[in-house]
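The values are calculated or read from the model by the stated rules, or taken from the named source; none is laboratory data. Source: prediction; values computed, not measured. All Cβ positions, glycine included, derive from the backbone under ideal geometry; neighbour counts span all protein chains shown. Keep in mind that these areas ignore ligands, DNA and RNA; they rest on the heavy atoms of the full protein, side chains included. Shrake-Rupley method; radii C 1.70, N 1.55, O 1.52, S 1.80 Å.
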Amino acid sequence: MNILRKIYYILFDLVQTLVIAGAIFVVIYAFLFRPYQVNGRSMDPTFENGEYVLTNLIDVRFGKITRGDIVVFNAPVDKEKDYIKRVIGIPGDKVKVSDGNVYINGNKLNQVFLTPNLVTNPGTFLSENHEIEVPSGYYFVMGDNRGASSDSREWGFVSKEEIIGKSFLVYFPLNHFRIVSHEKL
């Protein structure tokens, strides 16, 4: 009978530990940080296909989204998917694509994070030499690999409500472990 009592206490402790660990995981996942896997080449060279990134959910809720931030958001074309892109235009900005360059408020964007000689083509939403203004509560986002990216040039603005968080850490594969650089534009 003494052995049954010990087994009971061990099992009770184990279940209690698992419940507490599960609750901590749910709080962290729902309110603080969330992992995402990069699928595709739209963010080369910043992210490689298959890398896992950790995304900060707090920054979007209580902080500011600025030009250059790398954000994860609900895909406008398929709500079951999430996209990762760089914020190019914030509310009030005027965005234009001309001769392979991006202009923000009339200034040519310094795209140091892009692969050299990469041409930025217009899309169906933003055509060549057409300037658009980012409305309040929305953002204009683009992939760093502009030639292989489905982004705001195609499907338009992303609302703040659709943005899940800002990516801040690549944690897998381990040999790619690094802090994500948010180039200020």
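Quick notes on this one:
- Shape analysis of segment 1-57 yields a ratio of the Cα radius of gyration to the Kirkwood radius, Rg/Rh, of 1.38.
- Rg and Dmax [Cα atoms of the chain; Å; Rg one decimal, Dmax integer]: 21.0, 83
- Principal-axis analysis of the Cα atoms of the chain puts helix 2-27 at an angle of about 10° to the longest axis.
- In a fully extended conformation the segment linking residue 130 and residue 18 would gain 34.7 nm over its present Cα-Cα distance, using 0.36 nm per residue.
- Order by protection proxy (mean Cβ within 10 Å, highest first), peptides 170-179, 35-44: 35-44, 170-179
- Shape of segment 36-107, Cα gyration tensor, a/c cut at 1.5: oblate
- Structure-based [θ]222 nm, the chain - -39500 (n - 2.57) summed over DSSP H runs of at least 4, per residue, nearest 500: -6000 deg cm²/dmol
- The largest accessible area among 3, 70, 90 belongs to the first residue in 3, 90, 70, and the rest follow in falling order (1.4 Å probe, all chains).
- Dipole-positive endmost among 95, 145, 24 within segment 1-152 (Cβ charges, Cα centre): 24
- The trypsin sites (Lys or Arg not before Pro) of segment 44-131 that DSSP puts in a loop, and whose beta carbon has at most 15 other beta carbons within 10 Å, are 64, 79, 81.
- In the chain, Cα pairs under 8 Å separated by at least six residues give a relative contact order of 25 percent.
- The GluC sites (Glu not before Pro) of segment 23-84 meeting both criteria, a DSSP state outside H, G, I, E and B (loop) and at most 14 other C-beta atoms within 10 angstrom of the site's C-beta, are 48, 80.
- Dmax and Rg, reported as Rg then Dmax, of segment 117-185 (C-alpha, Å): 14.7, 43
- Sequence-distant residues sharing a close amide H with residue 102 (under 5 Å, placed H): 109
- Applying D = kT/(6 pi eta Rh) to segment 48-153, where Rh is the Kirkwood radius over alpha-carbon pairs, T corresponds to 4 °C and eta to 1.567 mPa s, the Stokes-Einstein value obtained is 89 µm²/s.
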